[in-house]
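Visitor: Take a look at the following structure, please.
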Amino acid sequence: AQSVAQPEDQVNVAEGNPLTVKCTYSVSGNPYLFWYVQYPNRGLQFLLKYITGDNLVKGSYGFEAEFNKSQTSFHLKKPSALVSDSALYFCAVRGTGNTGKLIFGQGTTLQVKP
Amino acid sequence: DSGVTQTPKHLITATGQRVTLRCSPRSGDLSVYWYQQSLDQGLQFLIQYYNGEERAKGNILERFSAQQFPDLHSELNLSSLELGDSALYFCASSAQPNEKLFFGSGTQLSVL
């Protein structure tokens, strides 16, 4: 079965520093991977996706993610964190059966301190 | 604004009751997905509809049911409610099954 794991419940970084939010995946077949962000009292917003092609995927709000097949990882990164980036981040993988449903990780809270 | 509308935003009810959550997908989107978000279970996939037909089923309890109507809006029915059903219920939509999902703001259900 498809699954993703986010090993960190919370990540703390200082504003202006680079940030990384980790995600590892387990899939049968080719991985279709996604990152979403959830701000308080809001729905999830799409950041970026990896289907195929370049291992470095660029997304919204300056975020990017690096796909690493040998390490089965899809870490989210940003060169310089903003306080406004503080939110809950979800990694997700497309489920089997070509239905489009996404299987989400447990989420990682990112706290960016001024 | 994602274009996905969920009503109501908040719902407070008692154990044993039945509620209906409503979702209007983005204009033209044929797929609707329902998710449940709780502190202990995280974000769990419940069920998916595509153009009126059930397409995929996840961890949806037998007390829960859903449908998608000809105008593509969807309803999630929760019955015989228990305290543990208290959660944030999200609806999402996509144009085609393999495209990204757009999420509504959710319905916060509190069962007292």
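The values are calculated or read from the model by the stated rules, or taken from the named source; none is laboratory data. Computed from a predicted structure; not experimentally measured. Every residue, glycine among them, receives a Cβ derived from its backbone with ideal geometry; neighbour counts consider all protein chains shown. Ligands, DNA and RNA are stripped out before the accessible areas are found, and what is left, the full protein with its side chains, is counted by its heavy atoms. Shrake-Rupley method; radii C 1.70, N 1.55, O 1.52, S 1.80 Å.
Visitor: If you go through segment B:1-57, how many residues are under 18 Å from A:Gly97 (Cβ atoms), of a type in the set (S, T, N, Q) and not in a loop (DSSP other than H, G, I, E, B)?
Guide: Going through segment B:1-57 one residue at a time, the tally reaches 3.
Visitor: Same structure again: Across segment B:41-59, what is the number of residues that are closer than 25 Å to A:Gln45 by Cβ and surrounded by 13 or more Cβ atoms within 10 Å (Cβ to Cβ)?
Guide: Qualifying residue count for the region: 12.
Visitor: When segment B:60-112 is examined, which residues are found to be open to solvent by 40 Å² or more (accessible area, probe 1.4 Å), part of a strand (DSSP E or B) and within 14 Å of chain A (Cβ to nearest Cβ)?
Guide: Once the filter is applied, which keeps residues that are open to solvent by 40 Å² or more (accessible area, probe 1.4 Å), part of a strand (DSSP E or B) and within 14 Å of chain A (Cβ to nearest Cβ), segment B:60-112 yields B:Phe102, B:Gln108.
Visitor: Quick one: which strands (runs of 3 or more DSSP E) sit completely within chain A and have at least 3 residues that are open to solvent by less than 40 Å² (accessible area, probe 1.4 Å), within 13 Å of chain B (Cβ to nearest Cβ) and touching a residue at least 40 places away in the same chain (Cβ under 8 Å)?
Guide: A:33-38, A:87-94
Visitor: Count, please, the residues in segment B:16-40 that happen to be in contact (Cβ under 8 Å) with a residue 40 or more places away in the chain and open to solvent by 70 Å² or more (accessible area, probe 1.4 Å).
Guide: Within segment B:16-40, residues that are in contact (Cβ under 8 Å) with a residue 40 or more places away in the chain and open to solvent by 70 Å² or more (accessible area, probe 1.4 Å) number 3.
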